[in-house]
Amino acid sequence: MNNLLISNRELITTITINRPKQLNALNISTIKELGKAFNNLQNDKNTRVIVLTGAGEKSFVAGADIKEFSNYDNKQGTDLSRSGHLNLFNLIEDFPKPVIAAINGYALGGGLELALSAHIRVASKNSKLGLPEVSLGVIPGYGGTQRLTNLVGKGRAMEYILTAKMIGVEDAKHSGLINEYCELEDLLPTCENIARKIIKNSPRAISKAIKCINASLKNESGFETEIEEFGKCFQTDDFVEGTTAFLEKRKPKYN
Ligand code: CAA
């Protein structure tokens, strides 16, 4: 992987997008590498939570690589968006293991869309978020119009996208765009704390919960999906362990 750093500790895998000179802008090869990295982690026993961040102290990801697509025609633009949706952004949203975006600076355009695909967002105080695409004559192309609206509601999404403004962490926390914010040096420890809380729980139940929460946002029958996935939990090893531990008044042990 030329554009990523990947490390693993205590069941947490950290993926760092490593193009700091370009503020970690998402070029096509980085998108491909990210897709490959996520696919590799799907069945990795040492990975229960993924933390996604950017290299350096200035930027998470400053957007899709403008240099790369500035000469694209309609078809190339459509293909860029469609392949991004299919190969990375939907993959992260539907990933069966929790993905936490550790936003360490600019999260703009495709960078914010990447964070929006993650399940939880934590930002450092220096972060600036936004979907500035309309300022470039384009619109968010990696799911931003849908995921931002789902997260913060139509009114705020209209404001953020149409003004193309940079959003500070207080505004972002207030609108629900991020879950929390902290000092830059506390960013990864804060994400790891959240990850550790998640890891105490049943991984199979967690992947089912992610699927059901996402189903409610996809015009699918979220309730029906919930009923089916709820039923599938029964008789799993985790369900047996979890309920047995409760009845025996001890903490469950999942692996
Ligand atoms: N694409 C390509 N290169 C980028 C980039 C991007 N999105 N963002 C930053 N860079 C590059 C700059 O071109 C510059 O490279 P060079 O040194 O080779 O010129 C380097 O990163 C450092 O950037 P700046 O000198 O601009 O740094 P700054 O501190 O002055 O400004 C910034 C920081 C405000 C984030 C500014 O870089 C900026 O506005 N970037 C673009 C943000 C943006 O519009 N993102 C949306 C992209 S469109 C999109 O994402 C479409 C989609 O939905 C699919």
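Just so it is clear, none of the values below were taken in a lab; they were calculated from the coordinates. From a predicted model like this one, the values you see are computed outputs, not experimental measurements. Glycine gets a Cβ as well: all are built from the backbone with ideal geometry, and neighbour counts include every protein chain shown.
Between Gly155, Gly35, Gly105, the Gaussian network model of the chain with springs among Cα atoms under 10 angstrom shows the greatest mean-square fluctuation at Gly155.
Label-to-label distance for Glu183 and Lys253 is 3.8 nm, based on points extended 7 Å past Cα in the beta-carbon direction. Database remark: amide H of Asp65 closer than 5 angstrom to the amide H of Leu26, Asn27 (H placed geometrically; neighbours at sequence offset of 5 or more, or on other chains; Pro and chain starts carry no H).
Pairs Lys45/Lys128; Lys32/Lys75; Lys218/Lys249; Lys36/Lys232; Lys97/Lys218; Lys45/Lys211: which are spaced more than 27 Å apart, C-alpha to C-alpha? If you can, show how the numbers build up before the last one.
Working: Lys45/Lys128 35 Å; Lys32/Lys75 19 Å; Lys218/Lys249 39 Å; Lys36/Lys232 29 Å; Lys97/Lys218 19 Å; Lys45/Lys211 20 Å.
The answer is Lys45/Lys128; Lys218/Lys249; Lys36/Lys232.
Working note: Karplus 6.51/-1.76/1.60 with θ = phi - 60° gives region 77-85 the couplings x, 4, 5, 4, 5, 4, 5, x, 4 Hz, where Gly and Pro are set to x.
Each residue of region 16-26 is assigned a 3J(HN,Hα), and the resulting list reads 10, 6, 10, 10, x, 5, 9, 6, 6, 4, 7 Hz, derived from the Karplus form 6.51 cos²θ - 1.76 cosθ + 1.60 (θ = phi - 60°), x at Gly and Pro. Sequentially through region 53-61, phi angles give Karplus couplings (6.51, -1.76, 1.60; θ = phi - 60°) of 9, x, 6, x, 10, 10, 9, 6, 8 Hz, Gly and Pro residues having no value and appearing as x. Neighbours of Gly242 by Cβ distance under 14 Å: Lys/Arg scored +1, Asp/Glu scored -1, total +3.
Sorting Thr14, Thr244 on the 10 Å Cβ count, fewest up front, what's the list? Working shown, then result.
On the way: Thr14 20, Thr244 11.
Least to most surrounded, the residues fall as Thr244, Thr14.
One Cα centroid belongs to region 28-76, the other to region 120-145; the line between them spans 15 Å.
In this simple spin-label approximation, Met158 and Asn43 carry label points 7 Å from Cα along the Cα→Cβ vector, and these lie 4.8 nm apart.
Report, by chain and number, residues whose modeled amide H sits under 5 Å from the one on Val49, excluding near sequence neighbours (fewer than 5 apart, same chain). Placed amide hydrogens put Thr13 under 5 Å from Val49. Translational diffusion of region 4-199, estimated by Stokes-Einstein from the Kirkwood radius over alpha carbon pairs at 10 °C in a medium of 1.306 mPa s, is 97 µm² per second.
Close amide H contacts of Ile178 (hydrogens built in the peptide plane, cut-off under 5 Å, sequence separation of 5 or more or a different chain): Lys173.
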